[in-house]
Structure formats: C-alpha cells, structure tokens
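These notes concern the structure reproduced below.
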Amino acid sequence: MISTNDFRTGLTIEVEGDIYTVVDFQHVKPGKGSAFVRSKLKNLRTGAVIERTFRAGEKLPRAHLERKEMQYLYREGDSFVFMDNETYEQVSLTTEQLGDNVKYLKENMNIYLLTHEGNLIGVELPNFVELEVVAADPGVRGDTATGGTKSATLETGLTIQVPLFVEVGDVVRVDTRSGEYLERV
C-alpha cells in the first residue's frame, strides 16, 4: 500500500481493479476543510488519461510491474517478433498490443515489455530514437519570417514536422513520448 502523500510521477497504482501510472499530481491545502491530492492518471491497458481526486493520506495498492528487456527482430504480417535478451525466447505481439509504439520500432532496437501478474500491460520504448528520412517536402527559403517546418516521412512510416533544412537521407532524432523532432544526427 502507498499513501497519496507519496505520489510521484511514474508511480504505478491500482484503482478499482485497473492499473494506472501517475502522470501529474498536486497537493492542495484549502483554507477550509481537509487537504487533498488532485492527480492525472494514465490507464496502462487502454492509454486513457483520467483526473482523480484523493484525500490526503489515503492508501492505495501499489502495482508492481515487471520490466523485461527484449529486442525487436522483425515484422511478420500483423505481428511483431521480439526476443528475450537473456533466454533467447521469442514472443510475438500484435499491432493492437503495441498501439502507437509501432511507428517508432526499428529492427534490433531494445525495448521493455511491462507485465503485471503475468499479463502483458504494454511496452516501454527508449525516450529517443534515430530514424532516417525517406520522403520530405521541398523546403523553400524565404517562405517564413521565423524558422519554418515541413512534413517528412521516416523509415517506419511515421510523419513528423521537421525544419526546412532536413533532406531525404538525413537521420533525425525523435522523442518517442511526444513524437516531435529533436535534432539532425
């Protein structure tokens, strides 16, 4: 059990039978009445974000997730094959199980599978991934007063906004949490 006073970002808890991770929280002490904790929780099974208010000091069960490092090998139809780095056992995951993370997967990339009591909850990607630009709109100088952006398609099929100087064949670093361009590598 964990107290709501000990909330921190990234903590996993169980609420009404579902597993949530704490995205954001705020301790509030009104002038009248008792203190409470206002929080944003992300459901790890569905990805939905909810807002929930708890009394200060309320106890909640903590969800213990197991993280297992796996390596992405290849795509086979609608499934993606991963290999356990320790036992060399292979596991196939579907597009539904991976969700939007499919857009960032590159062969030989290491990820973490998150399981709770033997059930697959989701995958955890590295924060940044380097992908090659395979198609980009031509950048025209002088179109903007400030730094402009254009649309670019990466090797995994992901389309992002990049600065005008990025060309086809360049490798760019992308933030997997927000899907934004960070820099050219």
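A short reminder: the numbers here are calculations on the coordinates, not readings from a lab. Being a predicted model, the structure only gives us computed values, none of them experimental.
Take the alpha carbon gyration tensor of the chain, find the square roots of its eigenvalues, order them as a ≥ b ≥ c, and report rounded if a/c is under 1.5; if not, report prolate when a/b exceeds b/c, else oblate. Oblate.
Would you mind checking Lys40/Lys150; Lys42/Lys68; Lys42/Lys103 for any pair whose Cα atoms are more than 28 angstrom apart? Over 28 Å Cα-Cα: Lys40/Lys150. Converting phi to 3J(HN,Hα) with the Karplus coefficients 6.51, -1.76 and 1.60 and the offset θ = phi - 60°, the range 170-182 yields 6, 9, 10, 9, 10, 7, 6, 6, 10, x, 9, 5, 10 Hz in sequence order, with x at every glycine or proline.
To the nearest whole percent, what portion of all C-alpha pairs in the range 2-60 is separated by more than 12 angstrom? That fraction is 64 percent.
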